[in-house]
Amino acid sequence: MVYDITVIGAGVVGAAVAHRLRQVRPEARLLVLEKEKSPAFHQSGRNSGVIHSGIYYKPGSLKARLCAQGREKLYEFAASQKIPHERCGKLILATSPAEQSRLQAVYERGLQNGIPGIRLLGPEEIQAYEPEARGIGAIHVPVTGIIDYRMLTQRLLSLSEAEVIYEAEVISLKSHARGYVIHTSRGSYETKFLIACAGLQADRLARLDGLSPPLRIVPFRGDYYELRPEARWKVRHLIYPLPHPTYPVLGVHLTRMTDGSVEAGPNAVFAWAREVYTRTGFSLRDTLEALTFSGTWRFFIQHWREGLEEYRRAFSKRLFWRSVQRLVPSLQEEDLIPGRSGIRALALARDGKFWDDFYFVTQARSLHVLNAPSPAATASLALAEVIVQKALDTWALCTSVRIGGL
Ligand SMILES: Cc1cc2nc3c(=O)[nH]c(=O)nc-3n(C[C@H](O)[C@H](O)[C@H](O)COP(=O)(O)OP(=O)(O)OC[C@H]3O[C@@H](n4cnc5c(N)ncnc54)[C@H](O)[C@@H]3O)c2cc1C
């Protein structure tokens, strides 16, 4: 059988794309290929579970626009599908006078981005909202929430009615005039169009398809601690520090999850493997690819101070604890229990700058999602609309016929 469209990757982006394709092309033969044994196995199932507001992003960027749109679509979808979620709100705290001007800058950016209901709080209002948190000022962001992204991914896939084949790693792509033959570890498949949503492997999939992407995926691990059950009461909602001004992370934060547990994290350290989740995980191929890329070294040089700090903290529970204790002073070191890890796909350009916005590349019969960093999970439903529209436009251009007749 020849499939109309094949999606590579069953993370939240691939699942949302398959779901959107089914909405706009009900009759299409859809295939999803996933190398792992279950969906959301990598970034989508190992993230913080936060529905972001969109406060931080550059006004007018795809991230800013699709985060805001995706957030509301996600709340609606989660409610209609009974997926565990909560619009619980969050605090972004300034903990020293030096941070006050940065807090004000984030607040103004939030206003520019049209984030509903944001408010500046003083120390007393902070305590009224979050009794154990301390700060000299804060932004309250009421539209931020939490969700179970693993369940979301599963639901999107099942509603897509696509054929989903697990443990099928795409190992080569052969293009021809009418589409592709996709060779996987589990047999070969024919498709007329291909959409790759491969997360941490996005650059490799693009190269398999003959592209030379101007960026390289470099893995950055994020470790979490869990609060022991007796300490959970110290965190009612979500408590964030101010994001680092130049390092591409939001900072170690405290997050209540949909199951009632509370997590602290994630940090952000260069990882020696793209998909190994231990502190000492190593892959020769991944390490060589990262360290032979000039952009990685330039990134290290530009951020050596933050990188070193992050590394020290990754191996010191005490330093990790101190970061969260700045937000909630009553937290004790023994309240933290080592938890899980996730790995971010950081897309670096040759000049060492990280690719800040979502980024796709198209060819005649394929579209590659080359960069879908946070808040891609929040934005997934809106992002999928853009990806599918772009893919169908590309395909229409290629075949010069209306796609309605797939
Ligand atoms: C620690 C951490 C915390 C985060 N927190 C948040 C948050 O709170 N809120 C938020 O909105 N975003 C958050 N993010 C970002 C968000 O999780 C990601 O942007 C999003 O999950 C990306 O989804 P994806 O589908 O592109 O990638 P992935 O979830 O990584 O999925 C890609 C899939 O492609 C498959 N694949 C790859 N190569 C192949 C191949 N050759 N053949 C077949 N299959 C293949 C992989 O196995 C994988 O399942 C966080 C990310 C991390 C790592």
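The values are calculated or read from the model by the stated rules, or taken from the named source; none is laboratory data. Predicted, not measured: the structure shown is a model, and the values here were computed from it. FYI the Cβ positions are ideal-geometry reconstructions off the backbone, even for glycines, and counts take in every protein chain you see. Only protein heavy atoms, including side chains, enter the accessible area calculation; ligands, DNA and RNA are left aside. Shrake-Rupley method; radii C 1.70, N 1.55, O 1.52, S 1.80 Å.
A compact table of results
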quantity	calculated
With every protein chain in place, the range 258-331: carbon and sulfur % of accessible area (1.4 Å)	60 percent
Solvent-free Debye scattering, log10 I(q)/I(0), computed from the Cα coordinates of the range 140-289 at q = 0.12 Å⁻¹	-0.78
Extreme residue, positive dipole direction of the range 34-193, given options Ser96, Gly49, Gly122 (C-beta unit charges)	Gly49
Sulfur and carbon atoms: percent of accessible area, the range 59-217 [1.4 Å]	50 percent
Pair Arg305, Ser212: separation of 7 Å Cα→Cβ label points (nm)	3.7 nm
Radius of gyration, Dmax [the range 210-353; alpha carbons; angstrom]	16.4, 55
29 Å Cα-Cα reach of Lys58 towards lysines, excluding residues that sit fewer than 8 places from it in its own chain	Lys73, Lys90, Lys353, Lys390
Paramagnetic reach from Ser283 in the range 216-235 [backbone N under 14 Å; point 7 Å along Cα→Cβ]	217-221
Under-5 Å amide H pairs with Gly339, H placed in peptide plane, nonlocal only	Tyr224, Tyr225, Glu226
Of Lys35/Lys234; Lys35/Lys192; Lys35/Lys63, pairs whose Cα-Cα distance is over 29 Å	Lys35/Lys234
Dipole-positive endmost among Ile387, Ala290, Pro373 within the range 281-398 (Cβ charges, Cα centre)	Ala290
Dipole moment magnitude, nearest 20 debye, the chain about Cα centre, only Lys, Arg, Asp, Glu C-beta charged	500 debye
Gyration tensor (Cα) of the chain, equivalent ellipsoid semi-axes in angstrom	37, 23, 19
Carbon + sulfur, % of accessible area of the range 348-401 - ligands and nucleic acids excluded, 1.4 Å	55 percent
Coordinate range along principal axes, alpha carbons of the range 69-191, Å, largest first	63, 32, 26
Calculated [θ] (222 nm, deg cm²/dmol) that DSSP helices of n ≥ 4 give over the chain, each run adding -39,500 (n - 2.57)	-10000 deg cm²/dmol
Pairwise FRET efficiency - Arg318 versus Arg298, Cβ, R0 = 45 Å, nearest 0.05	0.90
Separation in nanometres of the label points that stand 7 Å from Cα toward Cβ, at Glu334 and Glu86	2.7 nm
Cα pair distances in the range 39-90, grouped into 10 Å bins until the bin that holds the longest one, percent each	22, 47, 30, 1
Stokes-Einstein translational diffusion, the range 316-406 - Kirkwood Rh over all Cα pairs, 1.567 mPa s, 4 °C, in µm²/s	75 µm²/s
Extension reserve of the Ala396-Glu124 stretch, reckoned as 0.36 nm per residue once the Cα distance is removed	92.1 nm
For the chain, accessible area per residue (1.4 Å probe, heavy atoms of protein chains only), Å²	41 Å²
Computed FRET value (nearest 0.05) for Glu76 with Glu108, which takes r as the C-beta separation and R₀ as 41 Å	0.90
Full-stretch length increase - Ser96, Glu190 - with 0.36 nm per residue and alpha-carbon distance subtracted	28.0 nm
In nm, spacing of pseudo-spin labels at Arg350 and Ser172 (7 Å Cα→C-beta vector)	2.8 nm
